[in-house]
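Okay, structure first, notes after.
The values are calculated or read from the model by the stated rules, or taken from the named source; none is laboratory data. Being a predicted model, the structure only gives us computed values, none of them experimental. Ideal geometry is used to build each Cβ from the backbone, glycine not excepted, and the neighbour counts take in all protein chains shown.
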Amino acid sequence: MDRPALADFLRRRREALRPEDVGLPLGARRRAPGLRREEVASLAVMSTDYYTRLEQRRAPQPSAHILSALARALRLTRDERDYLYRIAGHNAPAALAASPHVAPALLRVLDRLADTPALVLSDLGETLVQNGPAAALFGDASHLTGPARSAIYRWFTDPSARLLYPEQDRDRQSRAQVASLRAAYGVRGPRSTAGELVRALSRASEEFAGLWARHEVARRFEDHKTLVHPEVGPIEVDCQALFTEDQSQVLLVLTAAPRSESEEKLRLLAVLGPNRFAAPAPDRR
């Protein structure tokens, strides 16, 4: 761990950002350029004291989880993220490994979407980041660990994951889940996290094993669908998908027709927030 390099890198990247770059209001007049330490700590979901000690060269070696959160908070590119890992004494994530690092371009769009559900998914169906309306609609995914982080895994192992969709749409959704995983498996290979997920699901679900044998491949999301929230009921939404160039991540934005009942329901969820309702865990769309 190179403490001086780590401290200087974090400070310079923090000072290079402006509040509007990360979706924060300008607020009162600032005496120093860039973000405040407490703002970076909040974005990375860590204590201000710990982040301050990192910049002051006094903190213990950060974990890979903390580095991933800092890379996301500071909007680092992949090269900058890899550099951060190395000066902190860690190996950079493998190029084809599933990574929680979110593409900065997708984050910039997400930062500007405060009034409609939006979230970034990995190619394994993991929710990497979601805004408040998305958490209210799909449930907060931040607590999920292990294979359950993948909505594909939950779809075939947890019956409650299917409650978000009307019964008549579930067979189609099962095929879409498997076809999406097949696409990720083709890129990452059998020894990757995608391969581990395939093997785990083949053991756990006969339905998955049968669909996997079809060799259907697709990375597509339904343009129009109905989602069933446990409190407000059916919500008709249009889904727009924005992929990164390598197709490893996708930003999903869900909207409802203007002046429709579904739009009113989305507004209600956005106002009340994720803590008011116990929505199902987020699902792969």
* Residue in the range 171-179 that is touching a strand residue (DSSP E or B) at 6+ places or on another chain (Cβ under 8 Å), at pLDDT 90 or above and surrounded by fewer than 21 Cβ atoms within 10 Å (Cβ to Cβ) present -> no
Taking the range 131-150 and keeping only residues that are within 14 Å of C239 (Cβ to Cβ) and within 13 Å of the chain's Cα centre (by Cα), one is left with A134, F138
Pairing a residue in the range 258-281 that is under 10 Å from A136 (Cα atoms) with any residue that is modelled with pLDDT of 90 or more and exposed (fewer than 12 other Cβ atoms within 10 Å of the Cβ), where Cβ atoms lie under 7 Å and the two sit 6 or more apart in sequence or on different chains, gives P280/S160
If you go through R220, R182, R203, the only one that is closer than 13 Å to I152 by Cβ and among the charged types (D, E, K, R) is R182
Review point. Is there a residue being in a helix (DSSP H, G or I) and either closer than 22 Å to R219 by Cβ or not assigned by TED's automatic domain parsing to the domain that holds E236 (or both) anywhere in the range 111-126?
Key: no
The condition from (1) surrounded by fewer than 15 Cβ atoms within 10 Å (Cβ to Cβ); (2) touching a Phe, Trp or Tyr at 6+ places or on another chain (Cβ under 7 Å) that V40 misses is numbered (1)
Residue hits (the range 55-83; in contact with a helix residue (DSSP H, G or I) (Cβ under 6 Å, 6 or more places away or on another chain) and either crowded, with 18+ Cβ neighbours inside 10 Å or hydrophobic (A, V, I, L, M, F, W, C) (or both)) are A59, L67, A71, A73, L74, R75, R81
All conditions in (1) surrounded by 15 or more Cβ atoms within 10 Å (Cβ to Cβ); (2) modelled with pLDDT of 90 or more; (3) in contact with a Leu (Cβ under 8 Å, 6 or more places away or on another chain) are true of S192 except (2)
